[in-house]
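The values are calculated or read from the model by the stated rules, or taken from the named source; none is laboratory data. All of these numbers come straight from a predicted model, not from anything done at the bench. Using ideal geometry, Cβ is built from the backbone for each residue, glycine included, and neighbour counts are taken over all protein chains shown.
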Amino acid sequence: MPATPSSAGVSARMSLQARRDTGPEMAVRRLLYASGRRYRLHQRVPGFPRRTIDIVFPGHKVAVFLDGCFWHGCPAHATHPKANAEWWRNKLDGNIARDRETTEHLTEHGWTVLRFWEHEDPQDVAARIATTLSTTGRRRR
């Protein structure tokens with residue numbers, strides 16, 4: 001199985017994909033900020049230096065991930081490329097497994113992990129985050 005995408009064109013398109021500050025992420029962040037919620041961005045996952053949390057509320061130990069439907073396997077919107085199908089299947093399955101491992105790791109260390117899909121309404125996402133923050137209260141680090 002090839003260790004790279006099927007073509008230079010595919011590789012170039014993949015490298016242009018936003019990894020942070022995506023439209024859905026920015027919409028949720030604006031709503032949270034407007035409601036007085038303060039957060040940190042793109043902090044490393046403790047124990048996993050190459051992984052980051054999209055939106056972090058460290059005092060509450062709440063980690064928020066806004067996952068893209070294609071890259072993270074949304075059950076409603078995920079697609080499966082036909083070209084180089086085996087490579088893509090392994091790539092996307094690896095992303096899903098890494099997400100699961102990250103969630104389990106953070107949960108084991110006392111974090112509340114919230115995962116949302118990019119297609120979810122930003123107002124609903126921000127409201128669910130606010131509800132979680134009000135129920136978790138501030139925790140000591």
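Determine, yes or no, whether Pro81 is assigned to a loop (DSSP other than H, G, I, E, B), loosely packed, with under 14 Cβ neighbours inside 10 Å and at pLDDT below 95. No, not satisfied.
Residue count for region 97-114 under the criterion of being within 22 Å of Glu25 (Cα to Cα) and surrounded by 15 or more Cβ atoms within 10 Å (Cβ to Cβ): the result is 8. I'd like to check something: does region 63-76 contain any residue that is modelled with pLDDT under 90, in a strand (DSSP E or B), more than 14 Å from Ile129 (Cα to Cα) and out of contact with any Leu (no Cβ under 6 Å at 6 or more places or on another chain)? No, the conditions are met nowhere in region 63-76. Evaluate the following for Leu133: is it touching a Lys or Arg at 6+ places or on another chain (Cβ under 9 Å), more than 19 Å from Ser35 (Cα to Cα), touching a residue at least 60 places away in the same chain (Cβ under 8 Å) and surrounded by 14 or more Cβ atoms within 10 Å (Cβ to Cβ)? In short, no.
Every test in (1) over 13 Å from the mean Cα position of the chain (by Cα); (2) assigned to a helix (DSSP H, G or I); (3) free of Cβ contacts under 8 Å to residues at least 60 places away in the same chain is passed by Asn90 save one, and that test is (3).
Among the residues of region 36-52, those identified as at pLDDT 95 or above and either part of a helix (DSSP H, G or I) or loosely packed, with under 12 Cβ neighbours inside 10 Å (or both) are Gly36, Arg38, Arg40. Quickly run through region 113-128 and pick out the residues that are among the small types (Gly, Ala, Ser) and farther than 15 Å from Gly23 by Cα. Answer for region 113-128, where residues must be among the small types (Gly, Ala, Ser) and farther than 15 Å from Gly23 by Cα: just Ala127.
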